[in-house]
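In what follows, a structure is listed as structure tokens, so that the remarks can point back to it.
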Amino acid sequence: MKCNVVIIDHGVGNLRSVEKALASVGANVVLSNDLDTIMSADKVVLPGVGAFGDCMNGLQDIGASELVCSLAFKKPLLGICVGMQMFFEYSDELGVNKGLGILPGIVTRFNDTSVRVPHTGWNQVDIRSNNILLDGISTGSYAYFNHSYYCVPNDLDDVVSDTEYGDVFCSVVGRGNLYGIQCHPEKSQDVGLQILQNFVEKG
């Protein structure tokens with residue numbers, strides 16, 4: 001029986017590529033902004049592309065902010081890119097924007113002037129702690145990133161992997177059945193598909 005995964009459609013970004021990637025690893029995938037549909041899912045994906053504030057506003061506009069917070073730790077929940085960033089308390093992108101506050105920490109901009117921002121391209125994922133999301137992935141594997149802001153968790157136990165791009169930043173978080181990845185799995189070839197398959201089969 002296929003795992004039912006709902007991708008929260010908060011109106012920001014093209015979600016079809018994530019939908020196709022999840023379907024390719026065996027999930028029964030639905031894009032939805034309906035709260036009852038999200039509630040009934042086996043597993044939930046919170047995506048995000050673009051500005052943090054726009055993504056948060058989109059989530060609030062469909063009335064899903066409180067729902068996501070209530071689902072956290074109760075059923076498997078995966079945040080992708082800005083979706084991962086929204087798990088934290090706030091972002092300083094274009095002013096101070098409040099996040100969901102599920103995990104303690106902030107989101108801030110790369111400030112190393114020796115690197116180009118946004119960070120766009122392939123970089124290594126250095127695994128710091130065991131987590132089912134990275135099962136079958138070796139430390140030092142490459143994933144595809146496209147972002148100007150990154151997460152700074154207060155609790156280092158939440159850090160599953162980090163990545164060096166001038167600064168060293170947290171690239172994967174995990175706590176219980178809450179997971180977040182900064183990379184774009186649908187663009188990260190075998191590594192990205194392995195992450196999604198781990199979430200669908202083991203998360």
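Brief remarks on what is shown
- Look at the range 181-203: where a residue is closer than 14 Å to Asp135 by Cβ and modelled with pLDDT of 95 or more and a partner is among the basic types (Lys, Arg) and open to solvent by less than 60 Å² (accessible area, probe 1.4 Å), sitting 6+ places away or on another chain with Cβ atoms under 9 Å, you get Phe199/Lys43; Val200/Lys43.
- Residue within the range 53-76 that is touching a Pro at 6+ places or on another chain (Cβ under 7 Å) and not polar (S, T, N, Q) present: no
- Out of Gly11, Gly26, one residue alone is open to solvent by 50 Å² or more (accessible area, probe 1.4 Å) and either touching a residue at least 24 places away in the same chain (Cβ under 8 Å) or of a type in the set (Asp, Glu) (or both). It is Gly11.
- Of all residues in the range 46-74, those that are under 23 Å from His147 (Cβ atoms) have Cβ atoms under 6 Å from Cβ atoms of residues that are outside any helix (DSSP H, G or I) and among the hydroxyl-bearing types (Ser, Thr, Tyr), 6 or more apart or on another chain, in Phe52/Ser91.
- Filter result for Asp126 (assigned to a strand (DSSP E or B), open to solvent by 10 Å² or more (accessible area, probe 1.4 Å) and acidic (Asp, Glu)): yes
- Only residues that are among the aromatic types (Phe, Trp, Tyr) and under 9 Å from Val6 (Cβ atoms) were counted across the range 32-53, and they come to 0.
- Residue among Ser91, Ser171, Ser161, Ser141 that alone is surrounded by 15 or more Cβ atoms within 10 Å (Cβ to Cβ) and more than 17 Å from the chain's Cα centre (by Cα): Ser141
- Test: residue in the range 183-192 that is assigned to a strand (DSSP E or B) and surrounded by 18 or more Cβ atoms within 10 Å (Cβ to Cβ): no
Listed here are the residues, each with its yes/no results for (1) open to solvent by 50 Å² or more (accessible area, probe 1.4 Å); (2) modelled with pLDDT under 95; (3) within 22 Å of Cys183 (Cβ to Cβ).
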| site | (1), (2), (3) |
| --- | --- |
| Ala41 | no, no, no |
| Gly48 | no, yes, yes |
| Gly79 | no, no, yes |
| Gly83 | no, no, yes |
| Met86 | no, no, yes |
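- Leu156 closer than 21 Å to Pro76 by Cα, buried (at least 22 other Cβ atoms within 10 Å of the Cβ) and of a type outside the set (Asp, Glu): no
The values are calculated or read from the model by the stated rules, or taken from the named source; none is laboratory data. Not measured: the values here are computed from a predicted model. FYI the Cβ positions are ideal-geometry reconstructions off the backbone, even for glycines, and counts take in every protein chain you see. Remember, those area values only see protein heavy atoms, side chains included, never the ligands or the DNA or RNA. Shrake-Rupley method; radii C 1.70, N 1.55, O 1.52, S 1.80 Å.
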